[in-house]
Each structure stands twice: as C-alpha cells, then as structure tokens.
Amino acid sequence: MLFGIVMDLVMVAAIVLSGVVGGSLTMLAEGARTTLGYALECFTLLVLRRIHRGVLADLEYGAGKVEQIASVFIAAGMLLAAIWIGFNAYGVWSGTRTLGTPIGLAGAAIVGMVNLYVNLLAWDSVRRSLTADASLIMEAQLRVRWVKLFCSFVVSFGLTVSALSTDDVVVAWADSLGSLFVASYMVLNAVEVLRTSLPDLLDRSAGATVTEVVGRALAGARADYEQVTRLRTRRSGRTTFVEIELAFDPALSMAEVARRVGALGAAIKAELPQAEVSVVASAAAG
C-alpha cells in the first residue's frame with residue numbers, strides 16, 4: 001500500500017497538472033477521481049497503522065465504522081465530481097468549452113500511458129500482498145486498484161485518440177466520452193459504497209443469512225433454554241455481532257447455564273467464524 005501511495009502522489013500531481021495545462025476534460029475527470037481515491041488510500045493506511053499500533057484499541061467494536069464513514073464522504077465527493085464532469089462534457093458538445101491544444105493533448109496522452117503502467121505495478125503489488133485471511137480494508141484496496149487499472153486503460157486509449165486526431169469533432173467526442181466513462185465509474189463506485197456502508201452505519205440487521213444461522217442454532221438448542229427474550233445482529237466491517245438474551249430454568253446451576261451458553265455460541269461460530277457472539281442469561285419468570 002505504501003508503494004502504491006507514494007507512486008500515486010506523483011501521478012495525481014501529473015494528471016491534474018496535465019489536465020489543467022493541456023485542457024483535456026478526460027484528464028481533468030481522471031484527476032478528480034484519482035485525487036478522491038488517493039485521499040481514501042491515505043486514510044486507509046493511517047487506520048491500518050493505528051490499528052497495528054493499538055491506538056484504536058478503545059474502539060471495542062472494531063474500526064469498521066471509521067472505514068465506512070470515510071468511504072461515505074469519498075462517495076459523496078465522487079458523485080459531486082461526476083456531476084461537474086457531466087456539465088463540462090455538455091459544454092464540449094455545445095461548443096461553450098474549448099478543446100485542448102494539440103501539444104497539451106499529446107502531453108496528457110503521455111501522462112495517461114505512464115499512469116497506466118504505474119497502476120499496473122500498484123495493482124500487482126497489492127495482489128501479491130493478500131493472504132487467505134486478508135482484512136476488509138486490503139480486499140477493498142485490491143478492488144480499488146483493479147478499477148483504477150481498468151479506468152486508466154480506457155482513459156489512455158481515449159487520450160491517445162484525441163492526441164493523434166486532427167479532426168476537432170473526433171477530438172471533442174473522444175475527450176468528452178472518455179470523461180463520461182470516468183464519471184460513470186465514479187457514480188457506480190459511489191453507489192456501491194453507499195449501498196454497503198450506510199446500512200451498517202445505521203446498524204441495520206446483519207441480514208437474512210446471519211439470522212438463518214442463528215435461528216438454526218437456537219432451534220437445535222431449544223431444549224436448553226426457556227425463552228428467547230431478545231435477538232439482535234449487526235455488522236461492523238468484516239465482523240458480525242450477534243446479541244442474544246435467553247431465559248433459563250431457575251433451577252439450573254450456573255455451571256450448567258454456562259455450558260449451554262457456550263455450546264450455543266460454538267454452534268453459531270461454526271457457521272459464522274467472523275461473528276462475535278454474546279449470550280446473556282437470565283432466570284425465567286416462575
């Protein structure tokens with residue numbers, strides 16, 4: 001990740017500069033996308049460092065919500081940037097926005113090719129660092145890197161067409177369509193982030209799959225307790241939290257209640273290894 005971030009710092013500056021100087025809308029769109037993505041990568045690395053050093057130990061339910069809050073802000077920025085790109089693409093088609101100069105477009109195409117190569121190296125670096133039990137953050141980084149690699153390929157192709165063409169109509173269409181492609185990916189990425197992050201931030205239920213697993217475990221242990229008084233589930237990052245309150249026969253010993261609670265928790269974790277299961281026992285009303 002550190003390798004990718006260092007390389008991205010250079011490329012973000014080069015992309016933004018070439019877009020501003022060269023007048024390429026595609027490169028300006030790519031600059032907006034890479035700047036927002038770079039901000040998220042820096043935040044991700046900061047969170048990972050703080051988790052590794054125990055700075056976030058007070059977040060007893062994990063740093064999942066911290067990641068999700070940052071993702072929501074970045075997604076909102078992507079939506080705003082996509083709207084700005086759309087207005088400028090309309091300006092290119094209507095003739096109110098001037099096209100880039102040939103030398104500027106050529107420079108943008110060169111920067112685009114370099115960016116494609118850097119994204120390929122960064123994607124491969126993250127891919128090789130992943131393990132079977134990789135965290136949610138690292139898996140998200142691999143997806144981000146893949147999207148960036150694919151986008152940079154399309155952008156590089158559009159910039160090359162713009163730089164080589166001498167027809168203003170072809171240049172306008174190549175530049176505007178390239179920028180709209182980047183904007184579309186930003187919108188899709190932002191919607192996906194909001195779709196996955198907002199429900200967890202609002203503590204929505206962990207979903208039908210988790211509920212079914214818990215329900216099967218409770219049904220299998222039905223003879224061990226008197227009543228389920230509360231059942232709640234939620235997610236925070238990769239972790240699923242399951243909270244169950246059970247009423248037991250008052251005549252049971254504490255050791256027997258603990259054994260039954262432990263067996264129920266083990267049954268749930270057998271199907272949900274990432275789950276944090278909490279079972280609260282109380283005496284059933286006589």
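The values are calculated or read from the model by the stated rules, or taken from the named source; none is laboratory data. All values reported here derive from a predicted model rather than from experimental measurement. Here the Cβ positions follow ideal geometry from the backbone for every residue, glycine too, while neighbour counts run over all protein chains shown. The protein model used for the area step is the full one, side chains on, heavy atoms only, and it has no ligands, DNA or RNA in it. Shrake-Rupley method; radii C 1.70, N 1.55, O 1.52, S 1.80 Å.
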Next on the checklist: If I go through the stretch 277-286 residue by residue, how many of them are farther than 14 Å from T211 by Cα and part of a strand (DSSP E or B)?
Outcome noted: 6
Checklist outcome for this item: The condition from (1) at pLDDT below 85; (2) out of contact with any helix residue (DSSP H, G or I) (no Cβ under 7 Å at 6 or more places or on another chain); (3) small (G, A, S) that A275 misses is numbered (2)
Checklist entry - Is it true that some residue in the stretch 262-271 is within 29 Å of A70 (Cα to Cα) and either open to solvent by 50 Å² or more (accessible area, probe 1.4 Å) or part of a strand (DSSP E or B) (or both)? => result no
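Quick check on my filter: what residues within the stretch 92-104 are open to solvent by less than 30 Å² (accessible area, probe 1.4 Å), part of a helix (DSSP H, G or I) and over 9 Å from S176 (Cα atoms)? Don't jump to the end; show me each part of the working.
Start the filter on the stretch 92-104 by keeping residues that are open to solvent by less than 30 Å² (accessible area, probe 1.4 Å), which leaves 92, 100, 104.
After this cut, where a residue has to be part of a helix (DSSP H, G or I) as well, the list is 92, 104.
Residue satisfying the conditions is G104 alone.
Output the residues belonging to the stretch 209-239 that are closer than 17 Å to A266 by Cβ and open to solvent by less than 100 Å² (accessible area, probe 1.4 Å). Write out each step before concluding.
Initial filter on the stretch 209-239 (closer than 17 Å to A266 by Cβ): 210, 213-225.
Scanning the stretch 209-239 gives V210, V213, V214, G215, A217, L218, A219, G220, A221, A223, D224, Y225.
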Next on the checklist: Looking at the stretch 141-174 only, could you name the residues that are assigned to a helix (DSSP H, G or I) and among the hydroxyl-bearing types (S, T, Y)?
Outcome noted: S152, S156, T160, S162
Next on the checklist: Residues to consider are L164, L159, L180; find the one that is open to solvent by 60 Å² or more (accessible area, probe 1.4 Å) and either in contact with a Lys or Arg (Cβ under 6 Å, 6 or more places away or on another chain) or closer than 30 Å to S94 by Cβ (or both).
Outcome noted: L164
Next on the checklist: Just to be sure I understand the filter: pairs with C-beta atoms under 6 Å, separated by 6 or more residues or on different chains, first member in the stretch 253-269 and within 24 Å of T211 (Cβ to Cβ), second member of a type in the set (D, E). Which pairs pass?
Outcome noted: R260/D224
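Quick test for you: out of V12, V21, V6, pick the one residue that is modelled with pLDDT of 75 or more, open to solvent by 20 Å² or more (accessible area, probe 1.4 Å) and touching a Ser or Thr at 6+ places or on another chain (Cβ under 7 Å). Quick ask: steps written out before the conclusion?
Values: V21 fails: touching a Ser or Thr at 6+ places or on another chain (Cβ under 7 Å); V6 fails: touching a Ser or Thr at 6+ places or on another chain (Cβ under 7 Å).
From the options V12, V21, V6, the qualifying one is V12.
Test of understanding: among R232, R216, which residue is basic (K, R) and assigned to a strand (DSSP E or B)? Outline the logic, then answer.
Values: R216 fails: assigned to a strand (DSSP E or B).
Every option except R232 fails the conditions.
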Next on the checklist: Which pairs turn up if I take residues in the stretch 147-172 that are at positive phi and in contact (Cβ under 8 Å) with a residue 40 or more places away in the chain and look for partners that are surrounded by 15 or more Cβ atoms within 10 Å (Cβ to Cβ) and in a helix (DSSP H, G or I) with beta carbon separation below 9 Å, at least 6 apart in sequence or on another chain?
Outcome noted: none
Checklist outcome for this item: Only one of (1) touching a residue at least 40 places away in the same chain (Cβ under 8 Å); (2) more than 17 Å from E30 (Cα to Cα); (3) exposed (fewer than 15 other Cβ atoms within 10 Å of the Cβ) does not apply to Q68, and that is (3)
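Within the stretch 105-136, take every residue that is at pLDDT below 75 and not acidic (D, E) and give me the one that is surrounded by the fewest Cβ atoms within 10 Å (Cβ to Cβ). Explain how you work it out, then say what you get.
Initial filter on the stretch 105-136 (at pLDDT below 75): 129-136.
Going one step further and asking which of them are not acidic (D, E), we end up with 129-132, 134-136.
Details: S129: 13, L130: 13, T131: 7, A132: 4, A134: 15, S135: 16, L136: 17.
Looking at residues that are at pLDDT below 75 and not acidic (D, E), I get A132.
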